[in-house]
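These notes are about the structure you will find just below.
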Amino acid sequence: MFVCNTQRDLELEERYLKMLPSLNPQGVIYTCNPSNCFMETVEQLSNKIPFAVINNQNERLNVDAVELDNSKLGRIMAKHLLELGHTHVAYIAPPTVRQKQRSKRVEGFLKEFQKAGLGDHVVIKAADEQIDKDVPGIDSEYRIGYDLTKELLKEHTDLTAIVGLNDMIAFGILDALYEEKYKVPGEMSVMGCD
């Protein structure tokens, strides 16, 4: 077994893809979507090596995949918070270009709050696209959660829950809240997934 962690670094992903044929693997499991610029390469390699993509399949990818219904996941997250009585919440997401499929989580989440008549009580806080260039890939999601939570706390005093698009963002949220002396879950609830 050979495990490759790209850390969302395009050069590393390209290096691993170029290395694959020489390793002669019996199969490849991609635990997240291949980067758009490598879709064609992945499709070509899948003609010779069995590939499976786990997570968020891009509709144009002709490779076997185990798909996640991100919209449904967002709705489940929202229902849980609503059942707990949260009516003023924030949702922190990374740049949408990088997380296009996962942005459906935000849409599902917002739709559930709208259905409850609370759509205007949800603050969507998205990171600037520049963060992917300024912060190394492995730290960028944590920094998004941390930095945007600090901003949210200055801008909105009525929040009772903050949701991170994924767990790395949630870790950043937790650390920012800890620094600001919030008790989690006593004073603020935090949710992530993945």
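Couple of notes before you dig in:
- Accessible-area order (highest first, 1.4 angstrom probe) of the listed residues 1, 19, 39: 1, 19, 39
- Computed from Cα atoms alone, the Kirkwood hydrodynamic radius reported for the stretch 1-60 is 11.8 Å.
- For residue 166, the residues whose modelled amide H falls within less than 5 Å of its own, excluding neighbours fewer than 5 places apart on the same chain, are 193.
- For residue 160, the solvent-accessible surface with a 1.4 Å probe is about 50 Å², rounded to the nearest 10.
- Reachable aspartates and glutamates from residue 72, criterion Cα separation under 16 angstrom, eight or more residues apart if same chain: 107, 112, 194
- Taking 140, 103, 22 and ordering them by how much accessible surface each has at a 1.4 Å probe, largest first, produces 22, 103, 140.
- From its DSSP helices (H runs of at least four residues, each -39,500 (n - 2.57)), the chain gives a residue-normalised ellipticity at 222 nm of -13500 deg cm²/dmol.
- Accessible surface of residue 84 - all protein chains present, 1.4 Å probe, nearest 10 Å²: 110 Å²
- Close amide-amide hydrogen proximity is noted between residue 51 and 28, 64, each under 5 Å apart and 5 or more residues distant or on a separate chain (H modeled in the peptide plane; Pro and chain starts excluded).
- Measuring with a 1.4 angstrom probe and ignoring ligands and nucleic acids, residue 112 comes out at about 20 Å² accessible.
- Converting phi to 3J(HN,Hα) with the Karplus coefficients 6.51, -1.76 and 1.60 and the offset θ = phi - 60°, the stretch 106-116 yields 4, 4, x, 4, 5, 4, 5, 5, 5, 4, 7 Hz in sequence order, with x at every glycine or proline.
- Residue 88-residue 124 pseudo-label distance in nm [points 7 Å out on the Cα-to-Cβ vector]: 2.1 nm
- Residues 143, 105 ordered from highest to lowest accessible area at a 1.4 Å probe: 143, 105.
- Extension gain from residue 29 to residue 52, taking 0.36 nm per residue of separation minus the Cα-Cα distance: 7.8 nm
- Relative to one another, the C-alpha centroids of the stretch 61-78 and the stretch 30-56 are positioned 17 Å apart.
- Share of carbon and sulfur in the accessible area of the chain stands at 51%, probe radius 1.4 Å.
The values are calculated or read from the model by the stated rules, or taken from the named source; none is laboratory data. Values in this document were obtained by computation on a predicted structure and should not be read as measured data. Cβ atoms come from the backbone with ideal geometry, glycine included; neighbour counts cover every protein chain shown. Heavy atoms of the whole protein, side chains included, go into the accessibility calculation; ligands, DNA and RNA do not. Shrake-Rupley method; radii C 1.70, N 1.55, O 1.52, S 1.80 Å.
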